[in-house]
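The structure appears right after this line, and notes come after that.
The values are calculated or read from the model by the stated rules, or taken from the named source; none is laboratory data. Since this is a predicted model, take the numbers as computed values, not measurements. Heads up, the Cβs are rebuilt from the backbone with ideal geometry, glycines too, and the neighbour counts pull from every protein chain shown. Note: areas computed on protein heavy atoms with side chains; ligands, DNA, RNA excluded. Shrake-Rupley method; radii C 1.70, N 1.55, O 1.52, S 1.80 Å.
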Amino acid sequence: MLSTPAYAAATPTSALAPYSIERRDPGPRDVLIDIRYCGVCHSDIHQARDEWGGSIFPMVPGHEIIGTVAQVGSEVTRWRPGDTVGVGCMVDSCRRCEACEAGEEQFCEGGASFTYNSREQDGVTPTYGGYATRITVDQDFVLRIPAGIPLDRAAPLLCAGITTYSPLRYFGVKAGDAVGVVGLGGLGHMGVKLAKAMGARVTVLSHSPGKRGDALALGADDFIATHDAAAFSDNANRFDFLLDTVSAQHDYNAYLNLLKRDGTMVLVGLPDPTPLAAAPLVFRRRKLTGSLIGGIRETQEMLDFCAEHGVAADVELIPIQQINEAFERMLKSDVRYRFVIDIASLA
Ligand code: NAP
Ligand code: ZN
Ligand code: ZN
């Protein structure tokens, strides 16, 4: 076992603090990665504070991992020491069910092994995430980081990038579509960049009026301040597609009315439950659905798409000692637009 410095939450109410974990020695199919950067996702906060229930403590969060291959097992053919690689939200899955066979490991029927706050496929061993100096991962769950994307700005692609890319692709967003991105945080700002790169006309819907300038600078064509109730009547029936990235409870029904006939609203944010009315769906045959990260094959496709289109996250690089402050700032919607931990600060 490899003793590894990390930051962990000991309980749902404790601050993250230095902690030591054991990583497994690389087996024949494993890759040992020295972590360089790890993005900070709002899901890290939800889970560290046990907002979804069932969290496993102590918890080392982090699923936007960029690093360098340090060592590979004897059967590993795809990776070599020195390669720049990524690890996203999953580290394993059953490989046999219909979802896995379709390359949608996030929906693995036996349960994917998520990167942290989860169990390895043995159903016992807890997983620990990227707020740590290294990680051991099965070679099939390692992603190639294309040259040209600055590595700190690549980290958020591993969750925020794929979580917004996957529904845009799955629901067939195309050039000229009117797309609304609800919430301009880590996911939202990636949604803007990716939808623009796909040729859509993009509007940001935000409860922070001060983000208008940033939204336009990120590439949005328009901005709607949602604290003003008139925004909802003024923009009724306007959008083909809405991507809702909001992390806190809000009224879905109001947003559904912004969709055209047959429009689709996809939830990727995971706040507490909100009541849903039938009328906004029934009267214009609108669709409400959700989406969870994306499979490994699609994550690689997204990374290659980002390299080709010059897309990367806007980040605030922080030493790990500032992680608790970063959580607090995210809760105030004050991040421009993803915190990324410089793991050198942990060594
Ligand atoms: P984030 O960076 O904190 O951004 C969330 C944004 O939501 C904020 O910037 C803010 O945007 C908006 N918001 C926050 N509180 C609000 C409120 N009270 N009313 C209205 N809007 C509010 O979070 P993130 O990392 O992008 O994650 C967003 C959500 O997606 C989280 O719930 C996370 O768990 C979830 N998530 C889901 C998946 C998936 O696979 N489905 C993957 C990753 C994350 P404005 O200031 O512009 O309003
Ligand atoms: Zn995430
Ligand atoms: Zn499976």
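Miscellaneous remarks
- Residue within the range 310-319 that is within 16 Å of ligand 2 (Cβ to nearest atom), touching a helix residue (DSSP H, G or I) at 6+ places or on another chain (Cβ under 8 Å) and more than 17 Å from residue 192 (Cα to Cα) present: no
- Residues within the range 235-286 that are closer than 21 Å to residue 168 by Cβ and either aromatic (Phe, Trp, Tyr) or not assigned by TED's automatic domain parsing to the domain that holds residue 222 (or both), tallied: 4
- Test result for residue 14, free of Cβ contacts under 8 Å to residues at least 12 places away in the same chain, more than 16 Å from ligand 3 (Cβ to nearest atom) and among the hydroxyl-bearing types (Ser, Thr, Tyr): yes
- Matching strands (runs of 3 or more DSSP E) fully within the range 1-66 where at least 3 residues are under 20 Å from residue 143 (Cβ atoms) and not charged (D, E, K, R): 30-39
- Pairing residues of the range 217-233 that are hydroxyl-bearing (Ser, Thr, Tyr) with residues that are crowded, with 17+ Cβ neighbours inside 10 Å, at Cβ distances under 6 Å and at least 6 apart in sequence or on separate chains, gives 226/205.
- Residue match in the range 119-140 (condition: within 12 Å of ligand 1 (Cβ to nearest atom), among the aromatic types (Phe, Trp, Tyr) and not in a strand (DSSP E or B)): no
- In the condition set (1) within 16 Å of ligand 1 (Cβ to nearest atom); (2) assigned to a loop (DSSP other than H, G, I, E, B); (3) of a type in the set (S, T, N, Q), residue 74 is compliant with all but (1).
- Tally of residues being within 22 Å of residue 42 (Cα to Cα) and surrounded by fewer than 13 Cβ atoms within 10 Å (Cβ to Cβ) across the range 204-226: 2
- Going through (1) open to solvent by less than 20 Å² (accessible area, probe 1.4 Å); (2) assigned to a loop (DSSP other than H, G, I, E, B) one by one, residue 82 falls short only on (1).
- One residue alone among 303, 292 is closer than 22 Å to residue 247 by Cα and either in a loop (DSSP other than H, G, I, E, B) or at pLDDT 95 or above (or both), and that residue is 292.
- Residue that is nearest to the chain's Cα centre (by Cα), among those in the range 168-184 that are open to solvent by 20 Å² or more (accessible area, probe 1.4 Å) and not charged (D, E, K, R): 170
- Test result for residue 96, out of contact with any helix residue (DSSP H, G or I) (no Cβ under 9 Å at 6 or more places or on another chain) and farther than 16 Å from residue 141 by Cβ: no
- Pairing each residue of the range 151-177 that is closer than 30 Å to residue 37 by Cα and within 12 Å of ligand 1 (Cβ to nearest atom) with any residue that is of a type in the set (Asp, Glu) and assigned to a loop (DSSP other than H, G, I, E, B), provided the two are 6+ apart or on different chains, yields C-beta distances under 7 Å for 156/64; 158/64; 159/64.
- Scanning the range 271-285 for residues that are assigned to a loop (DSSP other than H, G, I, E, B) and of a type outside the set (Val, Ile, Thr) returns 271, 272, 273, 275, 276, 277, 278, 283, 284, 285.
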